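To keep things clear, I will list the structure first and then write my remarks on it.
The values are calculated or read from the model by the stated rules, or taken from the named source; none is laboratory data. As the structure is a computational prediction, the values presented were derived from the model and not from experiment. Backbone-built Cβ (ideal geometry, glycine too); neighbour counts: all protein chains shown.
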Amino acid sequence: MKKVNQLNSLVMLLVSMLLSMSAFGQDAKPKASPAATATGKAGGANITVNYSSPSVKGREVWGELVPYGKVWRAGANEATTVTVDKPVQVEGKVLPAGTYSFYAIPNENEWTVIFNKTAKQWGTQYDEKQDALRVQVKPRKAATMQERLKYEVTNNGLVLMWENMEVPVAISASK
């Protein structure tokens, strides 16, 4: 009788493990806009950009999916954040060290990029009263198509790249 009980217990344990494994496997499908991070140095500061990276998926992005003239969260899901560990100049204007949510108002020939003091927020909870800095930048046509939204930190600043567009944001040492 002891052997039967031990066998039943073993069978139940194996069945439980198999059910658990199949449940975990179902959660493993890829996210539509996975989290991504870009890091580097510009203006003598360490810079980190945390964002969610949506795909083009055959859609018209600029002026359609992302309308011109309206505030855009510059990513998907939670607000994109930019962290600078030292004060820097962004397009010639001082930005203190800290973590900021990063928004943009795209237009065909010029964009407004926004560093907002409320870093931890859902991407659509933007409040203009919390802006730390707004600067104007010029978008440019990309050399190659970028399916997923991507940020890069370069010696000259940060660059947003998506679809057929690049948006450079100059960052230099604070004076």
TODO: Starting from the range 66-91, take each residue that is touching a residue at least 24 places away in the same chain (Cβ under 8 Å) and list its partners that are surrounded by 22 or more Cβ atoms within 10 Å (Cβ to Cβ) and basic (Lys, Arg), counting only C-beta distances under 7 angstrom and pairs at least six apart or across chains.
DONE: Ala79/Arg73; Thr80/Arg73
TODO: For the range 118-128, indicate whether the set of residues that are surrounded by 14 or more Cβ atoms within 10 Å (Cβ to Cβ) and part of a strand (DSSP E or B) is non-empty.
DONE: no
Task: In the range 97-116, residue farthest from Ala45 (Cα to Cα) [restricted to those that are touching a Lys or Arg at 6+ places or on another chain (Cβ under 9 Å) and assigned to a loop (DSSP other than H, G, I, E, B)] - done: Asn109
Task: Met161 vs. criteria under 13 Å from the mean Cα position of the chain (by Cα) and either surrounded by 15 or more Cβ atoms within 10 Å (Cβ to Cβ) or outside the structural domain of Lys41 (by TED's automatic domain parsing) (or both) - done: yes
Open item on the list: Being within 20 Å of Pro54 (Cα to Cα), of a type in the set (A, V, I, L, M) and touching a residue at least 40 places away in the same chain (Cβ under 8 Å) narrows it down to one residue among Ala170, Ala104; which is it?
Closed with: Ala104
- [ ] Starting from the range 143-161, take each residue that is among the acidic types (Asp, Glu) and list its partners that are not in a strand (DSSP E or B), counting only C-beta distances under 9 angstrom and pairs at least six apart or across chains.
- [x] Glu147/Val56; Glu147/Lys57
Open item on the list: If a residue must be modelled with pLDDT of 95 or more and not in a strand (DSSP E or B), how many such residues does the range 35-52 contain?
Closed with: 0
Task: Scan of the range 73-96 for residues that are surrounded by fewer than 16 Cβ atoms within 10 Å (Cβ to Cβ) and assigned to a strand (DSSP E or B), ordered by number - done: Lys93, Val94
